[in-house]
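Worksheet: one structure, shown below.
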Amino acid sequence: MNTSPKSLGYSMPPEWHRHSGTLLSWPINRETWPGDRLDKVEKVYINIIRALYKYETIHLLVHDESVRNRVFKMLYSAGIPDDSINFHLHPSNDVWARDFGPIYIINDSGNAAITNWDYNAWGGKYPPFESDNKVPAYLAKKFNQKVFKPDLVLEGGSIETNGAGVILTTESVLLNPNRNSRYSKGDIEDYLKEYLGHEHIVWLKDGLKGDDTDGHIDDLVRFVSENTIVAALCDDPKDVNYETLLHNYEILKSVNNPLGEKFEIITMPMPQTKIDGTTVDGSEYVPASYANFYIANGVILLPLYDDRYDEQVLNLFRQLFPDREIAGINCADLVWGQGGIHCITQQIYN
């Protein structure tokens with residue numbers, strides 16, 4: 001590797017570090033959202049924007065002028081001021097900004113830079129994806145920011161950091177031959193350490209049933225503070241995700257932070273993940289998870305799915321983030337496309 005971000009004092013901040021804004025990509029893909037599902041997911045987007053725009057700038061990728069004009073009208077109808085949105089005319093194949101968007105790092109002087117990893121739509125599952133893969137370079141040029149280009153496939157939803165030396169990830173994604181078959185586990189760890197600036201890599205195992213990413217960490221466990229983790233866990237041994245989540249939970253309980261201390265682990269219930277019929281790729285399950293929340297500057301965007309547990313999880317997040325608004329957003333229509341709020345957002349610094 002050449003001069004690495006780590007050697008220059010850069011590291012990836014935690015999600016609660018104050019952002020300049022949030023990146024979103026407006027949904028247009030009718031393969032992901034067939035029939036009236038595209039209209040339904042647009043309404044989810046409006047709800048997300050309504051909850052978010054008061055707290056930080058929204059940078060919205062729109063495919064072309066006609067899409068921008070459509071969004072203008074929807075914002076107006078919803079009472080959302082259009083000057084709260086920075087529109088970017090840049091094509092993207094789909095909405096998963098967390099995965100194809102830039103992963104930001106910040107140096108000791110507070111300057112931000114972009115790490116521009118390769119993106120191949122989770123192992124080439126959903127071509128074309130070239131437009132998505134160009135988004136980090138586009139934003140770097142737009143904002144005149146320094147760029148580091150690792151020779152590795154990495155999606156933002158596959159990693160989680162506390163900003164204090166620790167990265168959480170899963171073997172089912174980063175060690176999957178559909179991403180980086182020429183690299184060993186040690187090689188991949190080296191890339192994470194050198195480009196994201198954290199030395200302690202914790203490997204969990206598998207992801208949720210129906211997660212077409214092969215098992216992203218942001219549906220499983222998340223940091224809510226430097227030493228506190230929320231973890232999804234099933235209480236029904238017959239649940240399709242029971243064994244996977246229990247195994248990951250046991251791994252978390254067995255590891256220490258860089259100071260040799262145990263993490264505080266708070267468990268959350270799992271909503272219903274089996275759906276009527278199947279998704280576009282034929283799955284009977286979707287990766288519905290309360291772990292797929294987004295920490296914005298003054299608000300937590302919390303996905304809601306299941307009347308049995310929604311209020312319980314809302315109350316938990318009110319306790320975890322007393323200084324932020326907790327905005328619960330029904331995401332049943334969004335997760336049908338096999339992703340949640342965290343999957344479609346990416347924090348940016350410009």
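Ordered by packing density, taken as the mean number of other Cβ atoms within 10 Å over each peptide's residues, highest first, how do 79-88, 98-107, 4-13, 294-303 rank?
98-107, 294-303, 4-13, 79-88
Give me the three principal axis extents of region 253-332 from the C-alpha atoms, as integers in angstrom, largest value leading.
Computed over region 253-332, the largest-to-smallest principal extents equal 47, 32, 23 Å.
At 0.36 nm per residue, minus the direct Cα-Cα distance, what do GLU65 and THR228 gain on full extension? Give it in nm, one decimal, please.
Going from the current span to full extension adds 54.3 nm.
Classify the chain as rounded, prolate or oblate from the Cα gyration tensor: take a ≥ b ≥ c as the square roots of its eigenvalues, call it rounded if a/c is under 1.5, otherwise prolate when a/b beats b/c and oblate if not.
Here the chain falls in the rounded category.
Given charges of +1 on the Cβ of Lys and Arg and -1 on the Cβ of Asp and Glu, with all other atoms neutral, how large is the dipole of region 216-297 about its Cα centre, in debye to the nearest 20?
Once rounded to the nearest 20, the dipole reads 160 debye.
If you average the sequence gap of Cα pairs under 8 Å that are 6 or more apart and divide by the length of the chain, what percent do you get for the contact order?
Result for the chain is 21 percent.
Order the peptides 165-171, 45-51, 61-67, 342-348 from the highest to the lowest mean number of other Cβ atoms within 10 Å of their residues.
342-348, 165-171, 45-51, 61-67
Ordered by residue, what ³J(HN,Hα) values in Hz, to whole numbers, does region 171-182 give under the Karplus form 6.51 cos²θ - 1.76 cosθ + 1.60, where θ = phi - 60° and Gly and Pro are x?
3J(HN,Hα) across region 171-182, in whole Hz: 5, 5, 9, 5, 9, 6, x, 6, 10, 10, 5, 7.
Give the residue from PHE72, ILE103, TRP16 lying farthest towards the positive end of the charge dipole for region 1-104; charges sit on Cβ (+1 for Lys and Arg, -1 for Asp and Glu) and the dipole is referred to the Cα centre.
After comparing all options, I get TRP16.
Starting from the Cα gyration tensor of region 33-95, take the square roots of the eigenvalues, sort them a ≥ b ≥ c, and report rounded, prolate or oblate (rounded when a/c is under 1.5, otherwise prolate if a/b is larger than b/c, else oblate).
Oblate, because a/c is 1.5 or more while a/b does not exceed b/c.
At a Förster distance of 30 Å, what's the computed FRET efficiency of ILE46 paired with ASN315, Cβ-Cβ distance as r, to 0.05?
0.70
Magnitude of the Cβ-charge dipole of the chain, K/R +1 and D/E -1, about the Cα centre, nearest 20 debye?
For this selection, approximately 840 debye.
I'd like to check one number: the per residue accessible area of the chain, probe 1.4 Å, reported in Å² as a whole number.
40 Å²
Can you compute the charge dipole magnitude of region 153-234 about its Cα centre, using +1 on each Lys and Arg Cβ and -1 on each Asp and Glu Cβ, nothing else charged? Give it in debye, rounded to the nearest 20.
120 debye
Tell me the carbon and sulfur percent of the accessible area for region 12-87, rounded to whole percent, probe radius 1.4 Å.
The C+S portion of the solvent-accessible surface of region 12-87 is 47 percent.
Can you tell which of ALA296, GLN312, ALA332 lies farthest toward the positive end of the dipole of region 285-332, using +1 and -1 charges on the Cβ of basic and acidic side chains (Lys, Arg; Asp, Glu)?
Positive-most Cα among the choices belongs to ALA296.
At a 1.4 Å probe, what is the % contribution of carbon and sulfur to the accessible area of region 166-223?
Summing carbon and sulfur atoms, their accessible area is 40 percent of the total for region 166-223.
Distances longer than 18 Å among the Cα atoms of region 1-43: what percent of all pairs is that?
60 percent
Rounded, prolate or oblate: pick one for region 294-350, where a ≥ b ≥ c are the square roots of the eigenvalues of its C-alpha gyration tensor, a/c under 1.5 means rounded, and failing that, prolate if a/b is larger than b/c, else oblate.
oblate
Residues with amide H under 5 Å of ILE229's amide H, sequence separation 5 or more or different chain, H placed in the peptide plane at 1.01 Å from N; which?
Result for ILE229 returns VAL224, GLU264, ILE265, ILE266.
Based on the inverse mean of 1/r over its pairs of different Cα atoms, what is the Kirkwood hydrodynamic radius of region 71-170, in Å?
Its Kirkwood hydrodynamic radius stands at 15.4 Å.
The values are calculated or read from the model by the stated rules, or taken from the named source; none is laboratory data. Nothing here was measured: the structure is a model prediction, and the numbers come from that model. Quick reminder, even Gly has a Cβ in these numbers, built from the backbone with ideal geometry, and neighbours come from all protein chains shown. Calculation scope for accessible area: heavy atoms of the full protein, side chains included, ligands and nucleic acids excluded. Shrake-Rupley method; radii C 1.70, N 1.55, O 1.52, S 1.80 Å.
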